[in-house]
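Enquirer: Take a look at this one; I'll ask things after.
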Amino acid sequence: MNTALLVIIIIFRVWIILFALQLLLKPIIDKQQLAAQRKVIDALKLIHEGTGFEIARQIERFEGRTIGYGTLYAALYTLEKMGIVRSESANNKKYYRLKPEAEYKVGRSDETK
């Protein structure tokens with residue numbers, strides 16, 4: 001068999017394996033992202049406004065463990081795109097807070113649990 005054809009077959013098989021792994025791991029990653037977003041929302045409910053560092057410290061206080069900054073900023077980015085969090089820059093820092101209408105929605109969803 002031609003070597004180029006063998007290489008193509010091997011690459012295709014590796015691609016199939018990686019695709020299958022991605023499908024298997026996606027629910028786990030989604031749960032972790034949702035948990036991080038929930039922690040950020042809870043922290044912002046307590047401190048009302050803060051930098052990423054301040055939010056991370058608040059999460060550490062009530063969780064008893066740290067949150068990775070990559071996880072934190074990914075959650076903040078997603079929440080901002082969803083319209084739940086807004087950010088403002090001042091003094092070379094970015095401050096995050098819950099949007100007023102989002103705070104009402106988040107509070108209402110907590111009460112129904």
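Enquirer: Using every pair of alpha-carbon atoms in the stretch 1-70, split the distances into 10 Å bins beginning at 0 and state the percent of pairs per bin, rounded to integers.
Expert: Over the stretch 1-70, the share of Cα pairs per 10 Å bin runs 18, 29, 17, 15, 12, 8, 1 percent.
Enquirer: Going 7 Å from the Cα of Ala90 toward and past its Cβ, which residues in the stretch 29-67 have a backbone nitrogen under 17 Å from where you end up?
Expert: Flagged as within label range: 47-55.
Enquirer: So, one more: Using a Cα distance threshold of under 13 Å, what count of lysine pairs results for the stretch 29-111 when pairs must be 8 or more residues apart or interchain?
Expert: The result is 4.
Enquirer: For Lys99 and Tyr69, what does the FRET efficiency come to when R0 = 25 Å and r is the distance between their Cβ atoms, rounded to the nearest 0.05? Don't skip to the end; give the middle numbers.
Expert: Values: r = 23 Å, r/R0 = 0.91.
About 0.65, to the nearest 0.05.
Enquirer: I've got another one for you. Would you work out the charge dipole size for the stretch 29-111 about its Cα centre, treating the Cβ of every Lys and Arg as +1 and the Cβ of every Asp and Glu as -1, and quote it to the nearest 20 debye?
Expert: That gives the stretch 29-111 a dipole magnitude of about 120 debye.
Enquirer: If every alpha-carbon in the stretch 29-111 counts as one equal scatterer, what log10 I(q)/I(0) does Debye give at q = 0.12 1/Å?
Expert: -0.30
Read-outs throughout are calculated quantities, based only on the coordinates presented, and are distinct from any laboratory measurement. Quick caveat, the model's predicted, so the values are computed rather than measured. Glycine gets a Cβ as well: all are built from the backbone with ideal geometry, and neighbour counts include every protein chain shown.
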